[in-house]
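**Q** Quick one: the structure is below, questions incoming.
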Amino acid sequence: MTSRIEWVASQCRLLATIAEEFDRTQPFAGLTIGTGIHLEPKTVALLLTLRRGGARVLSTGNLNTTQPESVAYLNAHGVEAIGEPTQHDSVRNEYLDEILSVEPDLILDNGGDMFSRWLERPYERLRGGTEETTSGRIRLAPLRERLDLPILVINDSPIKQFAENRHAVGQSTVESFLRITNLATNGRRVVVFGYGGVGKGVALSFQRAHASVSVIELDPVLRMEAMWDGFMVPERDEAMAEADIVATVTAARDVVTARDLAILPDGAILMNIGHLPVEIDVTGMAADPGVASFGPTDAGISSFRMRDGRSIHLLTDGHMVNLAGPRPLGNSIESMDLGFSLQARCLEAVAKGEVGRESCVVPVPRRIDEWISRAYVELAKVRRPAS
Ligand SMILES: NC(=O)c1ccc[n+]([C@@H]2O[C@H](COP(=O)([O-])OP(=O)(O)OC[C@H]3O[C@@H](n4cnc5c(N)ncnc54)[C@H](O)[C@@H]3O)[C@@H](O)[C@H]2O)c1
């Protein structure tokens with residue numbers, strides 16, 4: 001029997017193609033790559049691909065998403081995976097600093113943490129790197145002048161936008177809801193906060209799972225787009241008063257707060273899909289005087305028991321529901337194969353000096369998007385055994 005890590009690696013066909021090429025071309029020979037990314041089987045496939053390109057690779061995990069088997073596998077296969085799984089920023093920051101103290105030539109950032117920390121203690125040899133997320137782009141864009149390095153934002157590739165954000169996150173969110181709660185989505189009133197690329201997919205996936213979906217979006221144009229896409233766009237509090245399921249996908253802080261505890265109906269289930277566990281103010285809610293107790297109900301489910309007899313449930317403590325909780329699977333392998341192939345090609349472009357300082361916090365170069373798309377379509381052609 002192969003392990004899940006090996007199953008995932010065997011399905012990352014685009015990364016496998018790139019890894020075979022890297023065996024020959026060695027774009028990272030003599031270079032160190034530092035990263036702090038979710039350590040799970042798909043990132044294992046990416047980090048091992050970078051290793052095959054000749055890099056020394058150092059990695060720590062992200063908050064609450066590190067899978068110990070992935071860490072053990074990486075360490076057994078030449079990647080230096082640092083630190084234990086943690087929910088605490090301060091602990092993770094120590095691990096990030098440990099990686100930065102080695103002065104990596106390239107950074108693969110996930111949320112802007114590493115480049116922000118490099119600005120506090122810059123070193124000469126950093127050539128630049130990549131940023132995976134929307135949240136990271138929002139954080140790094142105002143720092144462009146100070147960063148002054150090539151940093152390619154994977155999230156802003158159209159491929160990442162449609163394959164992962166629009167299609168895969170919605171699927172994995174519904175899959176996680178089903179796996180963690182074992183409840184049906186049919187007929188449920190779902191309220192999705194945020195109608196950006198990711199929110200669109202979450203709303204659509206719940207709708208396709210026979211839920212009745214409302215969208216709450218601050219941007220009036222996107223709100224109308226949600227309406228044109230067939231979603232209800234009620235006033236916020238009106239939607240919350242009837243919600244069975246609330247999903248936050250905004251990259252903003254305190255979208256759902258203690259104030260909502262008075263509005264939500266008994267049995268409502270809250271979950272966050274946004275990168276940081278700040279969209280649902282769990283600490284503020286737990287401290288609300290109306291809450292009699294707050295604690296775990298089942299794996300991945302915590303409950304606010306209200307003094308008036310209602311219970312409001314929270315999945316994966318407000319951390320990304322599709323990457324935390326029991327047996328997290330994350331987004332589909334194919335979507336991550338695409339996103340991580342963009343990562344590998346972008347890091348290669350920075351390593352080879354093919355992009356300069358003018359490319360500071362910018363989308364993936366078009367030629368890379370085109371290469372990935374052609375290669376993916378080619379690999380998807382029907383394969384028959386030779387007769
Ligand atoms: N869980 C995952 O697997 C996964 C994958 C990709 C991205 N993400 C994360 O999902 C989040 C959203 O990403 P995106 O690309 O859709 O971002 P985006 O900026 O395109 O969309 C966010 C939307 O939320 C809206 N918004 C902000 N505050 C709001 C509020 N209080 N109420 C209602 N709407 C509000 C904004 O107007 C915006 O349209 C980010 O944190 C991103 O990092 C998670």
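No lab work stands behind these numbers, since they all come straight from the coordinates. Only a predicted model underlies this, so the values are computations on that prediction, with no experimental measurement involved. No Cβ is skipped: glycine too gets one built from the backbone with ideal geometry, and neighbour counts run over all protein chains shown.
**Q** Please enumerate, by chain and number, the aspartates and glutamates with C-alpha under 15 Å from the C-alpha of K160, excluding those fewer than 8 residues away in the same chain.
**A** E131, E132, E334, D337, D369, E370
**Q** With angles folded into 0 to 90 degrees, how steeply does helix 89-100 sit against the dominant principal axis of the chain? Use alpha carbons for both and round to 10.
**A** Tilt relative to the chain: about 10 degrees.
**Q** Tell me, what is the percent relative contact order of the range 168-318, built from C-alpha pairs under 8 Å that lie six or more residues apart?
**A** So the answer I get is 19 percent.
**Q** For the residues H88, H275, what sequence is obtained by ranking on other C-beta atoms within 10 Å, fewest first?
**A** Result, fewest neighbours first: H88, H275.
**Q** Under a 10 Å cutoff between Cα atoms, tell me which one of S212, S135, S101 has the largest fluctuation in the Gaussian network model of the chain.
**A** Result: S101 has the largest fluctuation of those listed.
**Q** Can you compute the FRET efficiency between S293 and R146 using 1/(1 + (r/R0)^6), with r the Cβ-Cβ distance and R0 = 51 Å? Round to the nearest 0.05.
**A** After rounding to 0.05, the efficiency reads 0.65.
**Q** If you don't mind, there's one more thing I want to ask. List the equivalent ellipsoid semi-axes of the chain in whole Å, largest first, each obtained as the square root of 5λ for an eigenvalue λ of the Cα gyration tensor.
**A** Its equivalent ellipsoid spans semi-axes of 36, 23, 21 Å.
**Q** Suppose every K and R has +1 on its Cβ and every D and E has -1 on its Cβ; what is the size of the dipole of the chain about the Cα centre, in Debye to the nearest 20?
**A** That gives a dipole near 980 debye.
**Q** Follow-up. Compute the helix-to-body angle for 41-52: its Cα long axis versus the longest principal axis of the chain, expressed 0 to 90° and rounded to tens.
**A** Roughly 20 degrees, rounded to the nearest 10.
**Q** Which net charge results when you count Lys and Arg as +1 and Asp and Glu as -1 among the other residues whose beta-carbon is under 12 Å from that of T133?
**A** -3
**Q** When a footprinting reagent is the concern and you count Cβ atoms within 10 Å, what order do Y376, Y123, Y73 take, fewest first?
**A** Y123, Y376, Y73
**Q** Over the chain, calculate the relative contact order: mean separation of alpha carbon pairs under 8 Å at least 6 apart, over the residue count, as a percent.
**A** Computed value for the chain: 17 percent relative contact order.
**Q** Which residue fluctuates most in the GNM of the chain (Cα springs below 10 Å): P104, P289, P68?
**A** Maximum fluctuation in the GNM of the chain, among the listed residues, is at P289.
**Q** Explain nothing, just the number: relative contact order of the range 124-233, from Cα pairs under 8 Å at least 6 residues apart, as a whole percent.
**A** RCO, the range 124-233: 20 percent.
**Q** What FRET efficiency comes out for D266 versus M224 if R0 is 41 angstrom and r is the Cβ-Cβ distance? Round to the nearest 0.05.
**A** That pair, D266 with M224, gives E of 0.80.
**Q** Now a separate question. What Rg and what Dmax come out for the range 168-318 when only alpha-carbon atoms are used, in angstroms?
**A** 14.2, 42
**Q** Further, regarding this structure: What's the FRET efficiency of N93 with E235 using the Cβ-Cβ distance as r and R₀ = 41 Å, to the nearest 0.05?
**A** The computed FRET efficiency comes out at 0.55.
**Q** Enumerate the amide H contacts of A81 below 5 Å, restricted to partners 5 or more residues apart or on another chain; note that Pro and chain-start residues carry no placed amide H.
**A** S59, N75
**Q** Right, another one. With angles folded into 0 to 90 degrees, how steeply does helix 366-379 sit against the dominant principal axis of the chain? Use alpha carbons for both and round to 10.
**A** 80
**Q** Separate question: Of the beta bridges DSSP finds with both residues in the range 168-318, what % are antiparallel, to the nearest 5?
**A** Expressed as a percentage, antiparallel bridges in the range 168-318 total about 40.
**Q** Roughly what % antiparallel, to the nearest 5, for the DSSP beta bridges in the chain?
**A** If we restrict to bridges inside the chain, about 20 percent are antiparallel.
**Q** Springs between alpha-carbon atoms under 10 Å, Gaussian network over the chain: tell me which of V91, V362, V192 tops the mean-square fluctuations.
**A** V91
**Q** Count charges around E238 for me, please; just the other residues with Cβ under 15 Å from its Cβ, Lys/Arg as +1, Asp/Glu as -1.
**A** Residues near E238 contribute -2 overall.
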